[in-house]
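Before any comments, here is the structure.
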Amino acid sequence: MDAAEWRDLVRRAVGLAGTPCYLVAEQAIEASIEELGVIRTGLPHRHWLSVKTQPVQPLLEAWRRRGFGVEVVSEYELAAALRLGFTGEAILVNGVAKHAWLSRHQIPNLNVHFDSLAEIDALKDQARALNWSLGLRCQVPNQRDLDEPEFQDQFGLTSTEAVRALMTLGDAGLKLRGLHFHIGTNVQTADQFQIALNHLHAVCQDAEFTPEYVDIGGGLPVTGEKPVGADRATPPIDLEQLGEVLATVPRLFPTVRELWLENGRFVSARAGVLVVKVVDRKERPECSYLICDGGRTNHALVSGWEVHDILLEPEHDGPTRLTTVCGPTCMASDRLGRWQLPTTLAPGDLIIWMNAGAYHIPWETRFSVGLAPVVWCDLTRRLVLARKRESPEEWSASWTNSKPLGSP
Ligand SMILES: Cc1ncc(COP(=O)(O)O)c(C=O)c1O
């Protein structure tokens, strides 16, 4: 979607919901899925929606209408998926330490990717009783802590653990169907996927295991975002090259019948924007400060490490000045960023922070204010209020009048 289309939608969304607000457009979700269509492996591809990335009801509903399933990593996401009518076959449970909560839910035919040997021990009887379809998340060698790359991270089973897991499951009369990895976020090059696939191949050889599917997780980057301090944007991954890498799957795993993908950022980041309104302006020697009704602390935590493109509505031209765009909270760090912006920007103008469709709503805070509304634009360009603004009264409504614990 181009800037003019976003501006048009933003004007209508702000008329409906006010500011600050999030706006999510189904058309841009569709475009991302179409982009992924250039990847051809000769296998059917199953796209799971990463619910934690963008938990918005009409998005889950649109996904279900497409016939795709949802990937959940918590009891809360599972409850939301069930409430919207997803059945076990259409839900994939990922994430760590699921045995802490999944035993509370007796859902038949669920897809579950085990993440540890302890999970398997705790859940294997339930898995058999409820006919779950099972996979293992493997720790791959290039799965690194981004800030401290000398460390790996906490996810998945090592090769030795994966071989043991296969034996334990076999002894319990359970059949494993698939292997899964998720390298991490913003994977820059297609060869990273080859490293991970080769690792899964070695696990299969060691364990004499023949999977029915391979799940390559998510991790694809998008345009329009760059790390704070970087002088250029993160380049998009070459999808043709990724296609060539993924085309090795049928050769590496001849029994595989499906490729599973779980892209969060790639599918939804570009499909959402955050709209904030300028409410005050201060001139200082070092720069101008715009105080807006939304910002980093409440709505765009990622602005601490990512710079996104912005649009101004209405458009302004003329002389510019270094300008810090701040949010409304009493936190000095509450700022979306610093840009050279027109000196005519004034209270009432809108700032549109692009690529707010992934990891914004899930990291939204209620620091001093309530949750912002979410407006959904469907394929017919009809706007729907997907979530209403939380009122000041609702903000404190869960307070309990400090009743002593145990009192009736
Ligand atoms: C298991 C798993 N799948 C999918 C995703 C989505 O990742 P991304 O938004 O980078 O595509 C994540 C993100 O953390 C994840 O942990």
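Key figures for this structure:
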{"read-out": "Residues within the range 364-401 that are farther than 16 Å from VAL276 by Cβ, surrounded by fewer than 16 Cβ atoms within 10 Å (Cβ to Cβ) and not acidic (Asp, Glu), tallied", "value": "17"}
{"read-out": "Qualifying residue in the range 114-122 (condition: within 16 Å of the ligand (Cβ to nearest atom), surrounded by fewer than 19 Cβ atoms within 10 Å (Cβ to Cβ) and among the charged types (D, E, K, R))", "value": "no"}
{"read-out": "Enumeration of residues in the range 239-265 that are in contact with a helix residue (DSSP H, G or I) (Cβ under 6 Å, 6 or more places away or on another chain) and either within 30 Å of ALA13 (Cα to Cα) or basic (Lys, Arg) (or both)", "value": "GLY264"}
{"read-out": "Test: residue in the range 332-352 that is touching an Asp or Glu at 6+ places or on another chain (Cβ under 8 Å), within 16 Å of the ligand (Cβ to nearest atom) and of a type in the set (A, V, I, L, M)", "value": "no"}
{"read-out": "Enumerated strands (runs of 3 or more DSSP E) restricted to the range 14-112, each holding at least 1 residues that are in contact with a helix residue (DSSP H, G or I) (Cβ under 9 Å, 6 or more places away or on another chain), of a type outside the set (Asp, Glu) and within 15 Å of the ligand (Cβ to nearest atom)", "value": "45-47, 70-72, 91-93"}
{"read-out": "One residue from ASN111, ASN131, ASN142 being surrounded by fewer than 19 Cβ atoms within 10 Å (Cβ to Cβ) and within 23 Å of the chain's Cα centre (by Cα)", "value": "ASN142"}
{"read-out": "Long-range neighbours under 7 Å by Cβ, at least six apart or interchain, first residue free of Cβ contacts under 8 Å to residues at least 24 places away in the same chain within the range 391-406, second surrounded by 10 or more Cβ atoms within 10 Å (Cβ to Cβ)", "value": "SER391/GLY370; PRO392/GLY370"}
{"read-out": "Among the residues listed as PRO342, PRO404, the single one being farther than 20 Å from ALA17 by Cα and surrounded by 13 or more Cβ atoms within 10 Å (Cβ to Cβ)", "value": "PRO342"}
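Here, each number is a calculation from the coordinates, and none is a lab measurement. Keep in mind the model is a prediction, meaning the values are calculated, not measured. Quick reminder, even Gly has a Cβ in these numbers, built from the backbone with ideal geometry, and neighbours come from all protein chains shown.
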